[in-house]
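After the structure tokens below, expect a handful of questions from me.
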Amino acid sequence: MKPFEYNDQEIGQKEVLFLVANMVIGFGVLTLPRSIVEHTKSFDGWISICIGGIIALFFTWVVAKLTMRFPKKNFYEISSAILNKYIGGILTFLFATYSILFVSYEMRGVASISQLYLFDKTPVEVICLVFLLVVIYGISGESIVILRINLMFLPIVLFIVFVLMIMNLGYFELKNLKPFFISNWKEIATASKETVFSFLGFEFLLFYNAFINKPKNTSKSALMGISIPLVLYLTVFIFVIGVFGVDVTSNTLYPTAELAKQVEVPGGFFERFESLFFTIWVMTLFSTAAMAFDITLLALGAIMKKVKRMHFIFILSPIIYLIAMSPQNILEVASFGKVISYTGIVFSMVIPSVLLTIALIRGVKGDV
Amino acid sequence: MYKCSKWITIFCIGFLLSGCWDQVESEERGYVIGVALDAIENQRLEDIEQVKEDSSLQNQNEGRFKATYQLVVTSALQSSGSSDGQGSGDAFLNLTSTGNTMFTITRDIAKQTSRAPYLEHIKVIIMSEELARKGYFSKLLDIFLRDHEMRRATKVLISKGEALELFQTKSKIEKLPVIYIDSISENTFKNAEMLPITTTGDVHAFLLSKKSFAIPTIFLDDQNVKVEGAAVFNSENQKMVGYLTKEETEGLNYIRGDVKGGVIEIVIDGQRMAVEIKEAKRKFHADLSNSDHVKVTVNIEAEGNVGETFEGLDLLNPKMISKIEKEVAKNIEKLAEDVITKTQEDYQADILGIGSYLHQDHYQTWNKIKKDWEQGEHIFSKSNIEVKAKVKVRNIGVNIESNK
């Protein structure tokens, strides 16, 4: 028995579950119902969410299988073992670039949406800066800190979504869900693409693998972790369509946020339920952004072992800030998001599958 | 290194603790609780279609719309609670401004008040009939749907006559006219002659679905505010085409299944009697075998109590009860049929919700006929809509007879 149980650099299976769930839940939920309905034009979008979820479950399994072959190894070590050191280095560097973009996008998302709904006069730049400073504070310590914070944040976030649904029960109209089974497979397929994007994030397990103490059950926890966003997305989608109907949903920029605005409970305070909702929503965006930043540091640290973590932070923060500020309007932010999503597909699906296949063929294994 | 981090810390503390950028003290906000929209003059307000063609209108700086914002005077609200309030000023302040777009008008209002208008708590939007008839309904409401400050639960009403007048009425019950109007419009659970509350969110859905719709109307009846009847908007250009009387509105509520409570007055054996409707459900059934001639059956099932009788009727007699039930059903059918004829013939606007029903339950057929539903072939106007009402009297009150 150790004097202080948590004084180690390891995470258990519970943390894996929470980290995957928290990483996946992010900015996407706010726009997801609209991006689905834009394609399916009916309630049939739930099929797309399920398809997206199944794809995500499969590739999470691939990622988990890959990491389980190489216990306590990070992505750099895994890819170096399977291919060679140089390709591994390049892949890790690209991964770091991807996660930098990811942080920037998440940050910009936080900033634009909180400006729209909470701070009218505060410039986006300032909101972004404050958020970045908090994220920097969060990651200046050990990676393990962020992973443990997830345990605290996720239940609160899920709780507020639950409250949001309960509060909107009165506005829910079943007839808004009709008609269903009217979309053709093509529409459902294009909508599924959108949903796959919102399931990205599990690929970060490739790095956090190094912290997992009992890697045997990683795949189980990771799959459970990804089921949480799946259920969340389905409920949110059903509620948004049930409350607003298809036409309004496809015309609202952030349907999920509007759901929070819809809430009207007599008594004054809850007339502004959206401020409460956003405050808590920022928590999940924080943990997503912090983990992504942390991954950048881990990736770069794996290649350049001599540079200190703090120095990376000092160099990267201004870069991240500049990238986050570069899109000029909402359309550019959206296309920025698209680019990240496609890159995410490469890192979460293509590369892990290729690596796993090669590892299986060549029989490469990490030492257990 | 230590010195450097100390300065960074001090900078961060100064930066982060300096307070909220958007801070506005709640007593410094000008809470807007209602907006009344009027046209300035008849001549200057043209049909919405013609606006872009006549560029000279854009130079007119006087504007064509008049908006009145009702602000709460918080101090007057507090002082009048105790009786010593010497200057018994109104608890509200009406600010009127004119312009060509709502946004400029809103900004213009800010010039007139010491407290910046804060629109997050708008309860009611009232638009005058004239604006609605000229097709400005959706245009002027755009800002209330687009702006992030707005809520989706703001009530929308159409006024017969000037909307501004309604904001000047004084009621003894409420200090603020808008709150008064707001509370009246919520009484639909007691009276079926009022259309259920229509919010900006509902309007948004209507406008996007390209279907006809109805909005509750409000008017001044001898210095009294009355919410009654409905204004009908067609689907084609979203212009107001006419009114429904209170009876027609009641019929409409039965067809739409929106009746939460109401009264049906009947005559039985030469005696007047009021039956209180507690609950009413409706079901549509469509026969689409001939898509040019749609047959729709509206089944209404209502439940109610005997509320009032003028003369001793034997209410414990089952025959009597079934007689009452049949009579009430006949009344409901009549109400519903009247509104059906009116919407089919006069307005050719399907505000009954039959189009939505076909869309939801008969999607394939709807896809074929939706273009000709209200326009083109006018299938809606040609369709055969039948009403069947069924009434159950559950209770007769607590005494059997009150006089003998």
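The values are calculated or read from the model by the stated rules, or taken from the named source; none is laboratory data. Only a predicted model underlies this, so the values are computations on that prediction, with no experimental measurement involved. FYI the Cβ positions are ideal-geometry reconstructions off the backbone, even for glycines, and counts take in every protein chain you see. Remember, those area values only see protein heavy atoms, side chains included, never the ligands or the DNA or RNA. Shrake-Rupley method; radii C 1.70, N 1.55, O 1.52, S 1.80 Å.
Taking the simple approach of a point 7 Å from Cα along Cα-to-Cβ for both B:VAL398 and A:PHE93, what is their distance in nm?
Using points 7 Å along Cα→Cβ, the separation is 8.8 nm.
Okay, moving on. Give the relative contact order (percent, whole number) for chain B; include only Cα pairs under 8 Å separated by 6+ residues.
12 percent
Also: Would you please give the FRET efficiency between B:GLU308 and B:THR341, computed as 1/(1 + (r/R0)^6) with r the Cβ-Cβ distance and R0 = 35 Å, to the nearest 0.05?
Numbers: r = 30 Å, r/R0 = 0.86.
In this case the efficiency is close to 0.70.
Set the Förster distance to 30 Å, then compute FRET efficiency between A:GLU10 and A:LYS305 from the Cβ-Cβ distance, nearest 0.05.
Efficiency, rounded to the nearest 0.05: 0.90.
May I pose another question? Take B:ASP287 and B:LYS190, extend 7 Å from each Cα along the Cα→Cβ direction, and tell me the distance between the two endpoints in nm.
4.3 nm
Once the mean 1/r over all distinct Cα pairs of the stretch B:289-378 is inverted, what Kirkwood radius in angstroms do you read off?
Over the stretch B:289-378, the inverse of the mean reciprocal pair distance is 16.1 Å.
Something else: How many Cβ atoms of partner chains, on average, are near each residue of B:353-364 if near means within 10 Å of its Cβ?
That average works out to 2.
Near the amide H of B:LYS388, under 5 Å away, which other amide H atoms are found, from residues 5 or more places off or on another chain, if H is placed in the peptide plane?
Hits under the 5 Å cutoff: B:VAL298, B:ASN299, B:ILE300.
Would you work out the relative contact order for chain A, in percent, from Cα pairs under 8 angstrom that are 6 or more residues apart? Each step should come with its number before you reach the end.
Numbers: 510 pairs, mean separation 150.0, N = 368.
Result for chain A is 41 percent.
Something else now. Please identify every one of the trypsin sites (Lys or Arg not before Pro) in the stretch A:278-368 that sits in a loop by DSSP and has no more than 10 other beta carbons within 10 Å of its own beta carbon.
In loop regions of the stretch A:278-368 (DSSP not H, G, I, E or B), the sparsely surrounded trypsin sites (Lys or Arg not before Pro) are A:LYS305, A:LYS306, A:LYS308.
Compute the signed sum of charges (Lys and Arg +1, Asp and Glu -1) over the other residues within less than 10 Å, Cβ to Cβ, of A:GLU10.
For residues surrounding A:GLU10, the net value is 0.
Which residue, A:THR218, A:ALA290, A:MET165, has the largest displacement toward the positive end of the dipole of the stretch A:13-346 when charges sit on each Cβ (Lys, Arg +1; Asp, Glu -1)?
Among A:THR218, A:ALA290, A:MET165, the one farthest towards the positive end of the dipole of the stretch A:13-346 is A:THR218.
With a 1.4 Å probe and every protein chain left in place, tell me how much accessible area B:HIS378 has, in Å² to the nearest 10.
We get 50 Å² for B:HIS378.
Okay, helix-only estimate at 222 nm for chain B: each DSSP H run of n ≥ 4 adds -39500 (n - 2.57), divide by all residues, round to 500 deg cm²/dmol; what do you get? If you can, show how the numbers build up before the last one.
Details: 14 runs with 127 residues, N = 404.
-9000 deg cm²/dmol, from helical runs alone.
If you don't mind, there's one more thing I want to ask. Using alpha carbon centroids, what distance separates the stretch A:89-142 and the stretch A:297-346, in Å?
Cα centroid of the stretch A:89-142 versus Cα centroid of the stretch A:297-346: 9 Å apart.
Karplus couplings for the stretch B:241-256 from phi (6.51 cos²θ - 1.76 cosθ + 1.60, θ = phi - 60°), rounded to Hz, Gly and Pro as x?
Going residue by residue, I get 10, x, 10, 10, 6, 5, 5, 5, 4, 4, x, 4, 4, 5, 5, 7 Hz, with x marking Gly and Pro.
Averaged over all directions, how much area does the convex hull of the C-alpha atoms of the stretch A:1-104 cover when projected, in nm²?
9.9 nm²
What's the local net charge at B:SER209, with K and R +1, D and E -1, over the other residues with C-beta under 11 Å away?
Combined, the nearby Lys, Arg, Asp and Glu give +1.
Which semi-axis lengths, in whole Å and largest first, follow from the square roots of five times the eigenvalues of the Cα gyration tensor of the stretch A:13-346?
33, 23, 18
Separate question: R0 = 30 Å: FRET efficiency of A:MET325 with B:HIS148, Cβ-based, nearest 0.05?
Values: r = 21 Å, r/R0 = 0.71.
Once the sixth-power term is evaluated, E becomes 0.90.
How many Å² of accessible area per residue for chain B, probe 1.4 Å?
For chain B, the per-residue accessible area is 51 Å².
Sticking with this one: Evaluate 2.2 N^0.38 Å with N set to the residue count of chain B, then give the Cα radius of gyration divided by it.
1.23
In deg cm²/dmol, rounded to 500, what helix-only [θ] at 222 nm does chain A give when every DSSP H run of at least 4 residues adds -39500 (n - 2.57) and the total is split over its residues? Write down the numbers at each step before the final one.
Working: 15 runs with 268 residues, N = 368.
Dividing the helical sum by the residues of chain A leaves -24500 deg cm²/dmol.
Can you tell me the dipole magnitude for chain B around its Cα centre, using point charges on the Cβ only (Lys, Arg +1; Asp, Glu -1), in Debye to the nearest 20?
Here the size comes out at about 1200 debye.
Another question, if that's okay. Build a GNM of chain B with springs between Cα atoms under 10 Å: which of B:GLU130, B:GLU248, B:GLU174 gets the top mean-square fluctuation?
Fluctuation is largest for B:GLU174.
Turning to a different aspect of this structure: Note the full-extension length gain between A:ILE182 and A:SER140 as 0.36 nm times their separation in residues minus their Cα-Cα distance, in nm to one decimal.
Details: separation 42, 0.36 × 42 = 15.12 nm, distance 5.13 nm.
10.0 nm is the gain from fully extending A:ILE182 to A:SER140.
Have a look at A:SER335, A:SER35, A:SER192 and tell me which one the Gaussian network model of chain A (Cα, springs below 10 Å) gives the largest fluctuation.
Of A:SER335, A:SER35, A:SER192, the most mobile in the Gaussian network model is A:SER335.
Using unit Cβ charges (K, R positive; D, E negative) and no other charged atoms, how large, in debye to the nearest 20, is the dipole of the stretch B:266-404 about its Cα centre?
Once rounded to the nearest 20, the dipole reads 360 debye.
Would you calculate the separation in nanometres between label points at B:ASP221 and B:GLN271, each defined as 7 Å from the Cα along the Cα-to-beta-carbon direction?
About 2.8 nm separates the two model spin labels.
Explain nothing, just compute: Karplus ³J(HN,Hα) = 6.51 cos²θ - 1.76 cosθ + 1.60, θ = phi - 60°, for every residue of the stretch B:343-360 in order, whole Hz, x for Gly and Pro.
So the Karplus estimates, Gly and Pro as x, are 5, 6, 8, 6, 9, 6, 10, 7, 8, 6, x, 6, x, 5, 5, 5, 4, 7 Hz.
Something else now. What are the ³J(HN,Hα) couplings of the stretch A:20-35, residue after residue, when phi is run through the Karplus curve with 6.51, -1.76, 1.60 and θ = phi - 60°? Round to Hz, x for glycine and proline.
These are the phi-based 3J(HN,Hα) values: 5, 4, 5, 5, 6, 6, x, 5, x, 4, 5, 10, 3, x, 5, 5 Hz.
Still on this structure: Report Rg/Rh for the protein assembly as shown, rounded to two decimals, where Rg is the Cα radius of gyration and Rh the Kirkwood radius.
Answer for the protein assembly as shown: 1.05.
Taking springs between alpha-carbon atoms closer than 10 angstrom, which of A:PRO179, A:PRO352, A:PRO255 fluctuates most in the Gaussian network model of chain A?
Judging by the Gaussian network model, the answer is A:PRO179.
Let me ask something else. How much length is gained on full extension from A:ARG362 to A:SER335, taking 0.36 nm per residue of separation minus their Cα-Cα distance?
5.8 nm
Another one. To the nearest 20 debye, what charge dipole does the stretch A:108-218 have about its Cα centre, counting +1 at the Cβ of each Lys and Arg and -1 at the Cβ of each Asp and Glu?
Dipole size: approximately 300 debye.
I've got another one for you. Would you kindly state how much longer the chain becomes between B:LYS330 and B:ASP90 on full extension, computed as 0.36 nm times their sequence separation minus their alpha carbon distance, in nm to one decimal?
Gain on extension, B:LYS330 to B:ASP90, equals 81.5 nm.
Name the long-range amide H neighbours of B:GLY135: under 5 Å, sequence gap of 5 or more, or other chain; modelled H, no Pro or chain starts.
The answer is B:MET240.
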